[in-house]
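These notes concern the structure reproduced below.
The values are calculated or read from the model by the stated rules, or taken from the named source; none is laboratory data. Everything numeric here is computed off the predicted structure, so don't read it as measured data. So basically every Cβ, Gly included, is an ideal-geometry build from the backbone, and we count neighbours across all protein chains shown. The accessibility values were calculated without ligands, DNA or RNA, using every heavy atom of the protein model including side chains. Shrake-Rupley method; radii C 1.70, N 1.55, O 1.52, S 1.80 Å.
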Protein chains: 2
Amino acid sequence: MSVTDELLANNATYAASFSGPLPLPPAKGVAVLACMDARLNVYGALGLAEGEAHVIRNAGGVVTEDEIRSLAISQRLLGTREIILIHHTDCGMLTFTDQDFRDSIQEDTGVRPTWSAEAFGDLEGDVRQSVARIKASPFVPHTDQVRGFVFDVATGKLNEVS
Amino acid sequence: MSVTDELLANNATYAASFSGPLPLPPAKGVAVLACMDARLNVYGALGLAEGEAHVIRNAGGVVTEDEIRSLAISQRLLGTREIILIHHTDCGMLTFTDQDFRDSIQEDTGVRPTWSAEAFGDLEGDVRQSVARIKASPFVPHTDQVRGFVFDVATGKLNEVS
């Protein structure tokens with residue numbers, strides 16, 4: 001049995017006690033943008049229930065064109081107003097460089113990605129510049145409530161980056 | 001008190017019973033790519049625990065350059081081998097067109113995005129083409145276990161798209 005099949009069996013249990021449907025717009029008017037890291041359970045760490053918040057995730061919790069697309073749709077079409085940005089300790093993005101990652105892909109496939117891997121060396125510094133990327137975008141209309149945090153994978157705590 | 005402050009209070013409760021740290025590579029070797037929709041609780045719907053799976057999310061659960069970046073990092077650096085792609089019923093992406101969304105941004109800001117909103121009219125059709133985008137990428141090495149699903153926001157069930 002594949003892992004996917006195992007998780008589908010879990011889904012049957014989840015659906016058995018599911019009550020829906022809920023409304024489409026997030027009830028708490030918030031969008032969370034976080035790293036894809038397996039140890040960061042966004043619903044758990046923020047005490048979210050189904051229907052409350054948009055959750056956007058990628059390698060690093062970084063802000064590229066696609067996160068601006070998601071945030072623009074979240075705010076312009078579905079009414080969210082606050083943004084919570086989350087990086088975390090012990091992040092894989094701290095362990096390599098863009099150059100090395102793209103070199104290794106080119107060596108293996110013969111094709112060099114046109115995109116940056118968005119690796120970073122300074123965790124809090126990258127939270128700050130990610131918040132700055134959001135605030136610099138003309139496509140995200142509400143940026144007075146954008147706050148950045150580092151999730152500690154040892155303690156489960158969110159620490160704000162000022 | 002902002003919603004963000006309210007969720008930070010929830011985080012204190014979460015951290016009080018948190019046990020960590022767990023290893024960086026996802027224990028189940030799987031990456032989930034899903035829509036950001038508030039009603040789709042990926043950890044809940046798949047019965048995932050902290051440390052088990054990468055979770056990548058965006059508006060629509062679509063596959064753009066940034067999702068390829070995340071999947072490439074997930075597989076090449078952190079050892080995942082299976083991909084679960086999830087769209088869902090009642091998706092906001094079914095309610096508008098790229099043209100209208102970009103027109104409205106241009107009207108409001110004077111700037112037209114260079115990116116597509118990735119809206120779609122056919123839910124299952126977009127799951128299929130999203131799987132095809134992953135399989136077409138030279139940067140995602142393991143694509144024999146990529147399966148696509150539609151999450152039903154009324155029942156909580158995942159239905160596979162074949």
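Search the range A:116-130 for residues being in contact with an Asp or Glu (Cβ under 6 Å, 6 or more places away or on another chain) and among the aliphatic types (A, V, I, L, M), and hand back the single one that is most open to solvent (accessible area, probe 1.4 Å).
A:Ala119
Mind listing whichever residues of the range A:4-27 are open to solvent by 70 Å² or more (accessible area, probe 1.4 Å) and not hydrophobic (A, V, I, L, M, F, W, C)?
A:Thr13, A:Ser17, A:Ser19, A:Pro21, A:Pro23
How many residues are touching a helix residue (DSSP H, G or I) at 6+ places or on another chain (Cβ under 7 Å) and either under 18 Å from B:Val63 (Cα atoms) or charged (D, E, K, R) (or both) when one looks only at the range A:82-112?
2
Please specify each residue of the range B:94-115 satisfying the condition of being under 27 Å from B:Val150 (Cβ atoms), assigned to a loop (DSSP other than H, G, I, E, B) and either more than 8 Å from chain A (Cβ to nearest Cβ) or open to solvent by 60 Å² or more (accessible area, probe 1.4 Å) (or both).
Correct list: B:Thr95, B:Thr97.
Exactly one condition in (1) in contact (Cβ under 8 Å) with a residue 24 or more places away in the chain; (2) out of contact with any helix residue (DSSP H, G or I) (no Cβ under 9 Å at 6 or more places or on another chain); (3) open to solvent by 30 Å² or more (accessible area, probe 1.4 Å) is false for A:Lys135; which is it?
(1)
Hey, among A:Gly20, A:Gly44, A:Gly29, A:Gly51, which residue is at positive phi and touching an Asp or Glu at 6+ places or on another chain (Cβ under 8 Å)?
Criteria check complete, one pass: A:Gly29.
Just to verify a result, which residue in the range A:137-154, among those that are facing chain B (nearest Cβ under 8 Å) and over 16 Å from the mean Cα position of the chain (by Cα), is farthest from A:Glu65 (Cα to Cα)?
Per the criteria, the residue is A:Ala154.
Here are A:Tyr14, A:Tyr43: which of them is within 20 Å of B:Gly60 (Cβ to Cβ) and part of a helix (DSSP H, G or I)?
Going through A:Tyr14, A:Tyr43 in turn, just one is within 20 Å of B:Gly60 (Cβ to Cβ) and part of a helix (DSSP H, G or I): A:Tyr43.
With the requirement that a residue be closer than 20 Å to A:Ile86 by Cα, open to solvent by 20 Å² or more (accessible area, probe 1.4 Å) and of a type in the set (D, E, K, R), what does the range B:30-85 give you?
Scanning the range B:30-85 gives B:Glu50, B:Glu52.
With the requirement that a residue be charged (D, E, K, R) and either closer than 11 Å to A:His87 by Cα or free of Cβ contacts under 8 Å to residues at least 40 places away in the same chain (or both), what does the range A:117-131 give you?
A:Asp122, A:Glu124, A:Asp126, A:Arg128
Of all the residues that make up the range B:69-88, how many are farther than 20 Å from B:Cys35 by Cβ and either among the charged types (D, E, K, R) or more than 9 Å from chain A (Cβ to nearest Cβ) (or both)?
Going through the range B:69-88 one residue at a time, the tally reaches 4.
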